[in-house]
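Working notes, structure below.
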Amino acid sequence: MKRHGLLIVDDEKEILRSLTLTFAEDYEVFTASSGTEALEILKQQDIALIIADQRMPEMTGAQLLEQVIGIDPHIIRIILTGYTDTTSLIQAINKGHIYQYITKPWERQELRVIVKRALENYELTLENLRLLKELQAANERLRDENAFLMNE
């Protein structure tokens, strides 16, 4: 089975290290210390889920995750924050279509469950898209065959 790519974005090295240790056994983990670095990684790697800190210099987690939608709208987006600024969190959820908002400090096992469920959701979304394409192709073939039969 293919290991999903996780991208963890935080300007604090200890957070990156801790989250990498939490997920490295089950997933292919990539880390970035800024939004710009994260966007570069997204161009080069197959990422299924991003965990981004909300408060980072240069670009907030919400701004990053909003840009991620334009790159691949199916990537699961999670915000991690130590602050409870309700207004910015609501904006992040609405603009970045955030799957989950997690507060620091987090409970390790709970975070693992959240990521596992999020990736199950991701897999279902991709399977639905695959089936939809299959159905569209079958419908197109049927239209062509129907048109052929009507012309005979």
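We did not get these values from a lab; they are worked out from the coordinates using the rules stated. Nothing here was measured: the structure is a model prediction, and the numbers come from that model. Positions of Cβ are backbone-derived with ideal geometry, glycine not excepted, and every protein chain shown enters the neighbour counts.
Once every DSSP H run of n ≥ 4 in the chain is given -39500 (n - 2.57) and the sum is divided by its residues, what mean residue ellipticity at 222 nm do you get, rounded to the nearest 500 deg cm²/dmol?
Helix-only estimate at 222 nm: -19500 deg cm²/dmol.
How far is helix 108-151 tilted, in degrees, relative to the longest principal axis of the Cα atoms in the chain, given as a value from 0 to 90 rounded to the nearest 10?
Helix 108-151 sits roughly 20 degrees off the main axis of the chain.
Lys and Arg at +1, Asp and Glu at -1: add these up for the other residues within a Cβ distance under 10 Å of ASP53 and post the number.
With Lys, Arg at +1 and Asp, Glu at -1, the neighbours total -1.
Going by how many other Cβ atoms sit within 10 Å of their own, how do HIS97, HIS4 line up, fewest first?
HIS97, HIS4
Helix 61-71 versus the longest principal axis of the chain: what angle, 0 to 90°, nearest 10, using Cα atoms?
20 degrees
What order do you get for 56-69, 34-47, 131-144 when each peptide is scored by the mean count of other beta carbon atoms within 10 Å, highest first?
Peptide ranking by packing, descending: 56-69, 34-47, 131-144.
Quick one: order ILE71, ILE8, ILE15 by neighbouring beta-carbon count within 10 Å, fewest to most.
ILE71, ILE15, ILE8
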